[in-house]
Amino acid sequence: MQGQADELLRRILESEAPAAAAGVGGDPAASRFLKRCRGAARGELSVRADRDPDFRRLLGKTLEEAVRPGPVPPGLYWPLLFPEGARLRADPEAEVRALREKRRIRVLRAGPDPIVDPIREVLFTSNILLTIPSSPASLDTLDLDEDCRDRIRAAGTERQAFFFDHPVHIGEPPASNEIVYGLRGLDRAIEWEKAAGAAGARDKATVVLSVSVTHTGLREAAGAYIRSLLAEIPPLRHLRVYVFTELDCIRLVRKALSPFLSPGPLGDAEDTTRRILEVFGVDGEYGRHYSFLKAVAPFWRLFVDPAVKATFKIDLDQVFPQETLLRESGASAFGHFRTPLWGALGRDAEDRPVELGMIAGALVNEKDIGRGLFTPDVTPPESIPPGESSVFYNRVPMALSTRAEMMARYGSGTDLDGIRTCLQRFHVTGGTNGARVDALLRHRPFTPTFLGRAEDQAYILSVLYKGEGPFLRYLHEPGLIMRHDKEAFAGPSIEAARLGRFVGDLARTYYFSRYAEAVPWGYEATKAQLDPFTGCFITRLPWTLQYLRLSLKAAEAIRSGETAEARALVSLAAERLSPLLDADEGKAPSVRERWSWESEAWEGYYDALEAASGRDAASRLAVGGRIVRSCRVV
């Protein structure tokens, strides 16, 4: 089978982008990586063909088509490499109906304890990605003491420890600063709710911000910087804002949780503390802070504010367009939070018991909202572009899933009434989603710390079929839509992160595929549930797709005269993806080993919360209050 595997790789590269067949030259490490990557692709194609007669026949048929004279038909390789997209092209309308039917929930019981007073019962969360000043002069404009300035300067001399797509530079002016933008937007949304009589005039919403830094030396300066930044703008009158760095997370665990730890599966109390701190924190890949921003809610209810029933995450480039929400969806943001379906029990399309303990909304692009609130932020392509898209084009299932799941409505004109029937969601966004505290305590979900892409969609994988049921699921809440304003004020940072996002997408295919193989319920059940969009990143051919996508993307850059960019892309891929090859070759811990290790650590965290819940509430709240008081910035 290796001969056919080699022939397929050669045909695709030669037909779609001849320059890719010769590689991009340059860095020897990158060349070695491409050679290893091609070997891994050849190996998995051969194994798949050996084990799967249908795949073997399809491989032969595809090669026969590829050698015929004339241009290669668009989508020729999709049935073999990207079957999710191939299936959706045939009849998109039928696929929308089928997906909604697959996501249908028959409601058995409404939530027994719905959100009544969102401003007091919902803990709002978001993440800040923070990096060093873009220029020394920008630091001089800040109202910081000299010790804090020295810490920031010293951090700039460190080797960068963590990498993010578009971090906020310390010293970035408030007018273009994502931190300011998101908090002011939330403040205005709550002011609107108060004017509408949906919240008490003196009440303030609690906001927990995690701060993930690129340089460890910024941890101690982050809180002071954010406090000084927010002092430059008009007061946030309706928010109570707390900032947590990695150092603060360590304090939370050591000062509040450690006293409740007993010797157990993770070792003695100190061993358990160390294990918990490996997963409970905010620095590192995106999965780490994402899990923190969910797991902090049950901590908050136990140690800070017993009134908290749920958490809701926003991204700081998103705002609630309140008047549009009310006009087009019939409810404001707070109105959507009060749905009795958040916390409901039901049965899915295969009659499995589910708990709708989480909630998911959607996004509308700022440039599109004039066309209506329910305007999809991803639309189907008119055709298949040449090059990389010839083997993988996730925009196709993403657009269909956006329409079928995110834009679905309940009530008149639909077969979903939003009372006895509703939808569950698997395609979710990083912001505009929430979770009830009681559901988090029961199910204990998390995103592994090694995931740096689609951390939001990975969150449910850890508990997809955990236990006997009911299984934790997201409720689709129609009209809970935030306006996505990133391109309106941070376009340059998006462009600067383009190569990193692409490489992150390649890693996503690897991690989701190996993750699906690692969970106890297995690959087939996981992929069947998450198709078509999230599931399209779950494949038996992750290295084949990574090798081809990377080679074709580099070839596109060469064809456009961007040889330096092509080399930079392959070098970045070699740096970030070589460890994944090492893991598959047994030279580093596997995804299965890492997931198992982290799952045990999260069990330790939630066990500690359970132990704390049985102790004296007054002393517990006193300890928590002392710890978080120093983290408040507004």
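Any read-out appearing in this document is the output of simple, stated calculations on the displayed coordinates, not a laboratory observation. Bear in mind the structure is a predicted one, so any value in this text is a computation, not a measurement. FYI the Cβ positions are ideal-geometry reconstructions off the backbone, even for glycines, and counts take in every protein chain you see.
Among His476, His427, what is the fewest-to-most ranking by other Cβ atoms within 10 Å?
On the way: His476 30, His427 25.
By the 10 Å Cβ count, ascending, the order reads His427, His476.
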Item to check | Approximate spin-label separation Ser412-Arg32, in nm, with each point projected 7 Å along Cα-to-Cβ | outcome: 6.8
Checklist outcome for this item: Any lysines whose Cα falls less than 19 Å from that of Lys486, other than same-chain ones fewer than 8 residues away, would be Lys313, Lys367
Checklist entry - Expressed as an acute angle from 0 to 90° and rounded to the nearest 10, what is the orientation of the C-alpha long axis of helix 542-559 relative to the principal long axis of the chain? => result 80
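Starting with the fewest neighbours, write out Thr544, Thr157, Thr62 ranked by other beta-carbon atoms found within 10 Å of each beta-carbon.
Details: Thr544 28, Thr157 9, Thr62 19.
Listing Thr544, Thr157, Thr62 from fewest to most nearby Cβ atoms yields Thr157, Thr62, Thr544.
Restricting attention to the range 369-460, which trypsin sites (Lys or Arg not before Pro) occupy a DSSP loop and are surrounded by at most 16 other Cβ atoms within 10 Å?
Working: sites: Arg371, Arg395, Arg403, Arg409, Arg420, Arg425, Arg436, Arg442, Arg453; in loops: Arg409, Arg420, Arg453.
Those that pass, being in a loop and sparsely packed, are Arg409, Arg420.
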Checklist outcome for this item: Correct response: the longest run of the chain lacking exposed GluC sites (Glu not before Pro), defined by DSSP loop and at most 11 other Cβ within 10 Å, is 1-349
Item to check | 11 Å beta-carbon shell around Pro114, net charge (K/R +1, D/E -1) | outcome: 0
Next on the checklist: Set the bar at 27 Å for Cα to Cα. Now go through Lys294/Lys553; Lys466/Lys527; Lys61/Lys587; Lys204/Lys294 and name every pair that lies beyond it.
Outcome noted: Lys294/Lys553; Lys61/Lys587
Checklist entry - With the dipole of the range 224-320 worked out from charges on the C-beta (+1 for Lys and Arg, -1 for Asp and Glu) around the Cα centre, which of Ser291, Phe280, Pro234 lies farthest toward the positive end? => result Pro234
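Counting alpha carbon pairs within less than 8 Å and at least 6 residues apart, what relative contact order, in whole percent, applies to the range 494-607? Kindly include the intermediate steps, with their values, before the conclusion.
On the way: 70 pairs, mean separation 32.8, N = 114.
It comes to 29 percent, rounded to a whole number.
Just check the range 70-194 against the gyration tensor rule for me: Cα atoms, a ≥ b ≥ c as the square roots of the eigenvalues, rounded for a/c under 1.5, and otherwise prolate or oblate depending on whether a/b exceeds b/c. Walk me through the numbers before you get to the answer.
Details: a/c = 3.26, a/b = 1.45, b/c = 2.25.
In terms of gyration-tensor shape, oblate.
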Item to check | Per-residue HN-Hα couplings for the range 256-271 [Karplus 6.51, -1.76, 1.60; θ = phi - 60°; Hz; x = Gly/Pro] | outcome: 9, 8, 3, x, 9, 8, 10, x, x, x, 8, x, 6, 4, 5, 4
Checklist entry - Looking at the range 361-493, what % of the alpha carbon pairs are farther apart than 24 Å? => result 42
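How large is the charge dipole for the range 344-409, taken about the Cα centre, if only the Cβ atoms of Lys, Arg (+1) and Asp, Glu (-1) carry charge, to the nearest 20 debye?
Details: 7 positive and 10 negative charges, 38 e Å.
With Lys and Arg at +1 and Asp and Glu at -1, about 180 debye.
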Checklist entry - What angle do you read, to the nearest 10 degrees and between 0 and 90, between the alpha-carbon axis of helix 178-195 and the longest principal axis of the chain? => result 60
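Rg/Rh for the range 229-294 to two decimals, with Rh computed the Kirkwood way over all alpha-carbon pairs. Display every interim value, and only then the final one.
Values: Rg = 15.7 Å, Rh = 13.8 Å.
With Rh from the inverse mean 1/r over Cα pairs, Rg/Rh is 1.13.
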Item to check | Arg274/Arg615 FRET efficiency (R0 25 Å; Cβ-Cβ; nearest 0.05) | outcome: 0.65
Checklist outcome for this item: Taking every DSSP bridge whose two residues both lie in the chain, the antiparallel percent to the nearest 5 is 45
Next on the checklist: Could you tell me which residue out of Phe164, Ala573, Ser332 lies farthest along the dipole of the chain toward its positive end? Charges go on the beta carbon: Lys and Arg +1, Asp and Glu -1, centred on the Cα centre.
Outcome noted: Ser332
Next on the checklist: Rounded, prolate or oblate for the range 164-309? Axes are the square roots of the Cα gyration tensor eigenvalues, ordered a ≥ b ≥ c, and the cut-off for rounded is a/c under 1.5.
Outcome noted: oblate
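Rounded, prolate or oblate, given the Cα gyration tensor of the chain, with a/c below 1.5 counting as rounded? Write out the running numbers ahead of the final one.
Working: a/c = 1.55, a/b = 1.34, b/c = 1.16.
It is prolate, given that a/c is not under 1.5 and a/b is the larger ratio.
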Item to check | All-pairs alpha carbon distance profile, the range 469-586, 5 Å steps from 0, percent | outcome: 2, 9, 14, 16, 15, 15, 13, 9, 4, 1, 0, 0
Next on the checklist: Going Cα to Cα from Lys102, which aspartates and glutamates come in below 15 Å? Please leave out same-chain ones fewer than 8 positions away.
Outcome noted: Glu93, Asp348, Glu350, Asp351, Glu405, Asp415, Asp531
Checklist outcome for this item: Scoring only Lys, Arg, Asp and Glu (+1, +1, -1, -1) among other residues with Cβ under 12 Å from the Cβ of Ala175 yields -2
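Summing Lys, Arg as +1 and Asp, Glu as -1, what charge do residues with Cβ under 9 Å from the Cβ of Ala435 carry, Ala435 excluded? Intermediate values should be presented prior to the final figure.
Numbers: positive: Lys294, Lys313, Arg436; negative: none.
Local net charge: +3.
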Checklist outcome for this item: The size of the Cβ-based charge dipole (Lys, Arg +1; Asp, Glu -1) of the range 582-622 about the Cα centre, to the nearest 20 debye, is 220
Item to check | Extreme residue, positive dipole direction of the range 8-127, given options Pro73, Leu59, Leu13 (C-beta unit charges) | outcome: Leu59
Next on the checklist: Suppose a student asked you for the relative contact order of the chain, using Cα pairs under 8 Å spaced at least 6 residues apart; what percent would you report?
Outcome noted: 23
Checklist entry - What is the fewest-to-most order of Ser401, Ser210, Ser630, Ser46 by other Cβ atoms lying within 10 Å of their Cβ? => result Ser630, Ser46, Ser210, Ser401
Item to check | Charged-residue dipole, Cβ positions (Lys, Arg, Asp, Glu), the chain about Cα centre, Debye nearest 20 | outcome: 780
Checklist entry - Taking the Cα atoms only, what angle lies between the long axis of helix 563-584 and the longest principal axis of the chain, rounded to 10 degrees? => result 80
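On full extension of the chain, what length is gained from Ala528 through Glu232, given 0.36 nm per residue of separation minus the C-alpha to C-alpha distance? Please report the intermediate quantities before stating the final value.
On the way: separation 296, 0.36 × 296 = 106.56 nm, distance 5.06 nm.
In short, 101.5 nm is gained.
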